[in-house]
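Enquirer: Structure provided below as structure tokens; questions to follow.
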Amino acid sequence: MTIRLGDIAPDFTQDSTEGTIRFHEWAGNSWVVLFSHPKNFTPVCTTELGALAKLKPEFDKRNVKVIGLSVDPLDAHGRWAADIAETQGAALNFPLLADADRTVSDLYGMIHPNANDTLTVRSVFVIDPNKKIRLTLTYPASTGRNFEELLRVIDSLQLTDRFSVATPADWRQGEDVIIVPSLSDEQAKERFPQGWTALKPYLRLTAQPTA
Ligand code: BEZ
């Protein structure tokens, strides 16, 4: 199944390291990062889960729940969690789905048969509180993800949901933003009384709105 931006994230029920997860109910009114990794007891995945565990407070601050997945069974997740804590300086602090029957991997298209017909690729889905898919990413097995980048995108999504702005390349919290082209200069004057810099009529930069 191909999941596209704007689709409703498919619901599922699956076992996890924190008990049975009924996905939509578990997500509640939070944003969610759902991500898959290829296999337990592998080096890149071990570093990824440690990195994410360390960053979890940053996701909490943004009202984002994090949930991982691999197609290994639950008992293997438990044994691997001990290795993650031992080697990465951070213990798992979010649920890891045990998708041995591939319920979730198939629903979300996380197995790419021409890459590997049994293992999940490194998929990421960012889902908003309305259960809409807002970002998809697919990384190869050999490349660990940058979870700071996910926080950056979530900051952009949460900001652009509130204000008529978009964020430029490499934007970070606090930097100038772009006034969306659909807003006329007249409308922009009302929304951005502090003004803007117009590099072109379609490229208007203004300070990041805060309230
Ligand atoms: C890893 O997580 O290290 C890994 C997993 C599958 C293939 C290659 C590397």
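Enquirer: In percent, what relative contact order does segment 83-191 have, based on Cα pairs under 8 Å that are 6 or more apart in sequence?
Expert: 11 percent
Enquirer: Also, quick follow-up: Ranked highest first by average number of other Cβ atoms within 10 Å, how do 187-193, 33-39 line up?
Expert: By packing density, highest mean first, the sequence is 33-39, 187-193.
Enquirer: Please rank Thr2, Thr13, fewest neighbouring Cβ atoms within 10 Å first, as an exposure proxy.
Expert: Placing the least packed residue first, the sequence is Thr2, Thr13.
Enquirer: About its Cα centre, what dipole magnitude does segment 163-206 give when the only charges are +1 on Lys and Arg Cβ and -1 on Asp and Glu Cβ, stated in debye to the nearest 20?
Expert: 40 debye
Enquirer: Pull out a ≥ b ≥ c, the square roots of the eigenvalues of the alpha-carbon gyration tensor of segment 1-86, then state rounded if a/c is under 1.5, prolate if not and a/b is larger than b/c, and oblate in the remaining case.
Expert: Prolate is the answer for segment 1-86, as a/c is 1.5 or above and a/b outweighs b/c.
Enquirer: In segment 13-145, how many lysine pairs have Cα atoms under 22 Å apart, counting only pairs 8 or more places apart or on different chains?
Expert: Summing the qualifying lysine pairs gives 11.
Enquirer: Using +1 at the Cβ of each Lys and Arg and -1 at the Cβ of each Asp and Glu in segment 13-145, identify which of Tyr108, Leu97, Ser70 lies farthest towards the dipole's positive end.
Expert: Working it through, the farthest residue towards the positive pole turns out to be Tyr108.
Enquirer: In whole Å, largest first, what are the principal axis extents of the Cα atoms in the chain?
Expert: Result for the chain: principal-axis Cα extents of 60, 36, 33 Å.
Enquirer: Compute the distance in nm between two label points, each set 7 Å from the Cα along the Cα-to-Cβ direction, one at Asp176 and one at Asn114.
Expert: According to this spin-label approximation, the distance is 4.2 nm.
Enquirer: Taking 0.36 nm per residue of sequence separation and subtracting the Cα-Cα distance, how much length would be gained by fully extending the chain between Ser184 and Asn130, in nm to one decimal?
Expert: 16.5 nm
Enquirer: Is segment 63-107 best put as rounded, prolate or oblate by its Cα gyration tensor, with a ≥ b ≥ c the root eigenvalues, rounded for a/c under 1.5, and otherwise prolate when a/b is larger than b/c, oblate when not?
Expert: Oblate.
Enquirer: Only bridges with both residues in the chain count here: give the DSSP antiparallel percent, nearest 5.
Expert: Here the share of antiparallel DSSP bridges comes out near 70 percent.
Enquirer: Something else about it: Restricting the count to DSSP beta bridges whose residues both fall in segment 1-114, what percent are antiparallel, rounded to a multiple of 5?
Expert: 25 percent
Enquirer: Further question: Choose one of Thr118, Leu137, Asn40: the residue whose Cα lies farthest towards the positive end of the charge dipole of segment 13-145 (beta-carbon charges +1 Lys, Arg; -1 Asp, Glu; about the Cα centre).
Expert: Of the listed residues, the answer is Leu137.
Enquirer: Going highest first, how would you order 194-206, 62-74 by mean Cβ packing within 10 Å?
Expert: So the order, starting with the most tightly packed, is 62-74, 194-206.
Enquirer: Can I ask one more? Let me have the 222 nm mean residue ellipticity of the chain computed from DSSP H runs of 4+ only, each contributing -39500 (n - 2.57), with the sum over all residues rounded to the nearest 500.
Expert: -9500 deg cm²/dmol
Enquirer: What does the charge dipole of the chain about its Cα centre add up to, to the nearest 20 debye, if the Cβ of each Lys and Arg holds +1 and the Cβ of each Asp and Glu holds -1?
Expert: Value, rounded to 20: 500 debye.
Enquirer: Moving to a separate point now. Is the shape of segment 163-206 best called rounded, prolate or oblate, per the rule: a/c under 1.5 gives rounded, else a/b larger than b/c gives prolate, else oblate, with a ≥ b ≥ c the square roots of the Cα gyration tensor eigenvalues?
Expert: The shape class here is prolate.
Readers should treat all values here as calculations from the given coordinates under stated rules, not as data from a laboratory. From a predicted model like this one, the values you see are computed outputs, not experimental measurements. As a convention, Cβ positions derive from the backbone with ideal geometry for all residues, glycine included, and neighbour counts pool all protein chains shown.
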